[in-house]
Every structure is written in structure tokens, then in C-alpha cells.
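The values are calculated or read from the model by the stated rules, or taken from the named source; none is laboratory data. Keep in mind the model is a prediction, meaning the values are calculated, not measured. Note that each Cβ is placed from the backbone with ideal geometry, even for glycine, and that neighbours are counted across all protein chains shown.
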Amino acid sequence: MASAAAEEIRHRILSAAYPPGFQLRQDSLAADLGMSRIPIREALVQLESEGLLKILPHRGAIVVQLTAEEIEELFNMRLLLEPFLFRRSAPFLTREDLNALKQIQARYETSIDTLDMDIWNELNTEFHIFLYRHARSPRIVQTVQTLLVECDRHTRIQLSSILGDRERAVAEHAELLRLCETGDFEEGARLMYRHIDHIRDGLVALLASQAG
């Protein structure tokens with residue numbers, strides 16, 4: 001029940017039903033989800049470990065509201081880790097792996113075209129993590145998965161606002177797959193860096209303009 005509660009609360013956070021700064025009350029959540037407070041409490045602890053909320057004394061759980069500097073730090077961590085994982089994994093991707101990635105990519109492109117923000121975040125994370133499945137670095141992959149979940153919550157702001165960035169995200173995913181097929185893994189790692197760096201710069205600039 002705790003896992004089911006965590007999944008539902010996570011979905012509400014990522015879809016902005018619970019926006020940054022929103023206070024989550026265990027009693028209300030328990031009544032809403034038809035559960036006791038025990039699985040709700042466990043779910044909130046799990047989501048805190050994922051960086052989606054903070055549990056504060058006398059205030060309960062608060063959906064995380066990051067500054068532009070904190071968001072930039074998340075992306076900087078991805079810049080350090082994801083090209084490394086790509087280099088370790090991409091040479092070992094099989095034909096079956098690449099076909100599966102193409103299917104994820106097709107669904108991702110459709111979600112972008114239809115502005116299905118909930119699905120495109122999930123598929124973006126699935127695409128990246130699948131790319132790293134042969135990296136033989138499970139702790140780093142787990143760290144990156146947590147970063148992707150947190151970053152994607154903010155990336156939706158950028159992609160929903162800027163058409164060119166949506167088109168670029170789709171094109172760069174497709175190019176990453178092409179480079180895997182042709183065996184140009186070093187260029188793929190460089191593209192992965194540029195892919196993340198562009199999103200970081202665009203999102204930080206967008207947040208700065210909104211703050212101004």
C-alpha cells in the first residue's frame with residue numbers, strides 16, 4: 001500500500017496537481033487514498049528520498065521548491081554522470097535493446113506531439129535509463145534515475161513553453177540512437193552532454209526571466 005500511495009502522490013507532484021511549496025497532510029492523504037496513515041507516512045519518506053518533498057518538523061511534508069541555482073546543480077550532476085554511463089553501456093547495446101529504445105522513442109515523440117506531459121516525462125526517464133542498462137554501475141544508474149525524476153518535473157516547464165526545445169529533444173534522442181547503431185560512441189557521449197547542457201541552460205534562463 002505504501003508503494004501504491006507513493007506512486008499516486010508522485011504522479012500528483014510531477015503533474016503539478018501538488019505544486020512546489022504545497023503542504024501534504026497525512027490525514028487528508030489517508031482519507032483521499034482510502035488508506036491508514038502508516039502507508040502514507042512510509043510513502044512520504046520514500047518520496048523525500050527521491051528529492052520530491054521535504055518532511056519538516058511541525059509542518060509535515062512540503063513539495064520541494066528549488067531555486068534556479070539548485071536546479072542547475074541537479075543538471076550539473078547529470079552532466080558529470082550520464083556521458084560516463086553512456087560510454088560504459090552503449091557499446092554493449094544489442095539489436096533487441098536498440099529496437100526497444102526505438103519503441104520508447106516513438107512513444108516519446110507521440111507524447112511530445114500531443115503535449116501529454118505526464119507521459120513524456122516518464123518516457124524520457126525510461127529512454128535514458130534503458131540506454132545505461134549495460135553500464136555495470138547500478139548505484140550510479142540509481143542516482144541518475146532519481147536526478148531524472150527531479151529534473152523532469154522542472155523540464156516540463158521548458159518543453160511546454162518552447163516548441164523548438166521539444167523538437168530538439170526528439171531529434172537528439174533519435175541521433176543518440178543512430179550513433180549507437182553506427183558505433184560512434186564517443187560522439188554519442190558528447191551529444192549526451194550537449195543534450196543535457198542545452199536543457200539546463202534553457203530552463204535556468206526561463207526561470208530567471210520569470211523571476212524578473
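At-a-glance table
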| read-out | value |
| --- | --- |
| Residue within segment 108-116 that is touching a Gly at 6+ places or on another chain (Cβ under 9 Å) and in the same structural domain as residue 195 (by TED's automatic domain parsing) present | no |
| Qualifying residue in segment 47-57 (condition: under 15 Å from the mean Cα position of the chain (by Cα), crowded, with 18+ Cβ neighbours inside 10 Å, in contact (Cβ under 8 Å) with a residue 24 or more places away in the chain and in a loop (DSSP other than H, G, I, E, B)) | yes |
| Candidate set from segment 149-193 (those that are closer than 24 Å to residue 51 by Cβ and basic (Lys, Arg)); member that is modelled with the highest pLDDT | 153 |
| Qualifying residue in segment 96-107 (condition: under 14 Å from the mean Cα position of the chain (by Cα) and in contact (Cβ under 8 Å) with a residue 60 or more places away in the chain) | no |
| Matching entry among 12, 41 (being within 29 Å of residue 208 (Cβ to Cβ) and basic (Lys, Arg)) | 12 |
| Any pair with Cβ under 7 angstrom, 6 or more apart, that starts in segment 77-92 at a residue that is in the same structural domain as residue 131 (by TED's automatic domain parsing) and under 13 Å from residue 130 (Cα atoms) and ends at one that is buried (at least 21 other Cβ atoms within 10 Å of the Cβ) and of a type in the set (Phe, Trp, Tyr) | 85/132; 86/132; 89/132 |
